[in-house]
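Comments concern the structure below.
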Amino acid sequence: MNIEVITTSDGSHSLINNDLNETYHSTHGAIRESLHVFIKNGLQFWIEKNSSKEISILEVGFGTGLNALLALHESLKSELKFQYTTIEIFPVAIQLNYAQQLNFESANKYFQELHLSEWNTRISITSNFVLEKREGKIQEMNFPDEAFDVVFFDAFAPNKQPEMWERPVLEKITKAMKSNSTFVTYCAKGQLKRDLKSLGLQVETLAGPPGKREMVRAMKINQ
């Protein structure tokens, strides 16, 4: 892949895939975007509404490792047991400046471990954060039914990677979501919202991060 490092407007790095002419994160701020979409409106939203002692997260698109690092940071402030499963078809080995920007204790060590840990193996990064990186296409993966509490859907945009946003993929993810689970993504396309609603999810359009007007959160509420 033809990839290079860029600096976004909040000082944090991102990558640009020149083959797709697509960035991995918002140019208006990589950390700012991930905190808004995935942590605030996904992870923290679910935690506030649930009293479970464990949380199981599925991330579609490990990419730079930013979302995983932010989730791990949240786990350090929590008594919850985190199970973090992340999927990536094209792993990248480029180390970016997220640990320096976030600047919490041992951030660089944890970021290195997230990237260097073995693929397709469950690894305990800390006593309450277990990571499983799965390499390959989501279309070829199997997940247990009702396995995940929160889904971070962070694939490239629908116009760049349309196969990731097709209904069969969304259906597979929905089946793998537990009751009272939460799905979040930066995308707010009408077709995505229609597909999620057709799969039985309760869909809401929220204010997006800087530079983006809207994002989507969907909940699986079993009756």
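The values are calculated or read from the model by the stated rules, or taken from the named source; none is laboratory data. Owing to the predicted nature of the structure, the values given are computational and were not obtained by experimental measurement. As a convention, Cβ positions derive from the backbone with ideal geometry for all residues, glycine included, and neighbour counts pool all protein chains shown.
Residue under question is Leu196, and the condition is that it be in a helix (DSSP H, G or I), out of contact with any strand residue (DSSP E or B) (no Cβ under 8 Å at 6 or more places or on another chain), closer than 10 Å to Ala218 by Cβ and not β-branched (Val, Ile, Thr); does it hold? So Leu196 does not fit the description; no. Evaluating Glu132 against the criteria (1) under 20 Å from Leu66 (Cα atoms); (2) among the charged types (D, E, K, R); (3) out of contact with any Lys or Arg (no Cβ under 7 Å at 6 or more places or on another chain) leaves one unmet condition, (3).
Taking the range 1-62 and the strands (runs of 3 or more DSSP E) fully enclosed by it, the elements with 2 or more residues that are under 30 Å from Ser179 (Cβ atoms) and of a type outside the set (Gly, Ala, Ser) are at 54-60.
Close Cβ contacts (under 7 Å, 6 or more residues apart or on different chains) running from residues in the range 195-223 that are more than 17 Å from Phe153 (Cα to Cα) to residues that are part of a loop (DSSP other than H, G, I, E, B) comprise Pro210/His28; Pro210/Gly29; Gly211/Ser26; Gly211/His28. When Ser75, Ser124, Ser51 are checked against the criterion of being out of contact with any helix residue (DSSP H, G or I) (no Cβ under 9 Å at 6 or more places or on another chain) and at pLDDT below 95, a single residue qualifies: Ser51.
Looking at this structure, is Gly29 modelled with pLDDT of 95 or more, of a type outside the set (S, T, N, Q) and at positive phi?
Here the answer is yes, as Gly29 does meet what is asked.
Residues that are of a type in the set (Phe, Trp, Tyr) and within 18 Å of the chain's Cα centre (by Cα) within the range 85-137 comprise Phe90, Tyr98, Tyr110, Phe111, Trp119, Phe129, listed in sequence order. Restricting attention to the range 11-38 and to residues that are β-branched (Val, Ile, Thr) and either surrounded by fewer than 20 Cβ atoms within 10 Å (Cβ to Cβ) or farther than 24 Å from Leu76 by Cβ (or both), the residue that is nearest to the chain's Cα centre (by Cα) turns out to be Thr23. Taking the criterion of being exposed (fewer than 15 other Cβ atoms within 10 Å of the Cβ) and of a type in the set (D, E, K, R), the residues of the range 41-62 that qualify are Glu48, Lys49, Lys53, Glu54. Does at least one position in the range 75-90 carry a residue that is aliphatic (A, V, I, L, M), touching a residue at least 60 places away in the same chain (Cβ under 8 Å) and crowded, with 16+ Cβ neighbours inside 10 Å? No. Condition first: touching a residue at least 60 places away in the same chain (Cβ under 8 Å), assigned to a helix (DSSP H, G or I) and among the hydrophobic types (A, V, I, L, M, F, W, C). Now tell me which residues in the range 91-128 satisfy that. Hit for the range 91-128 is Leu102, nothing else. Checked against (1) polar (S, T, N, Q); (2) in contact with a Gly (Cβ under 6 Å, 6 or more places away or on another chain); (3) surrounded by 23 or more Cβ atoms within 10 Å (Cβ to Cβ), Thr8 meets all criteria but (3).
Could you tell me whether Thr174 is outside any loop (DSSP other than H, G, I, E, B) and surrounded by fewer than 15 Cβ atoms within 10 Å (Cβ to Cβ)? The answer is no for Thr174.
Which residues, taken from the range 173-191, are under 20 Å from Phe143 (Cβ atoms) and not β-branched (Val, Ile, Thr)? Within the range 173-191, Lys175, Ala176, Met177, Lys178, Ser179, Asn180, Ser181, Phe183 meet the criteria.
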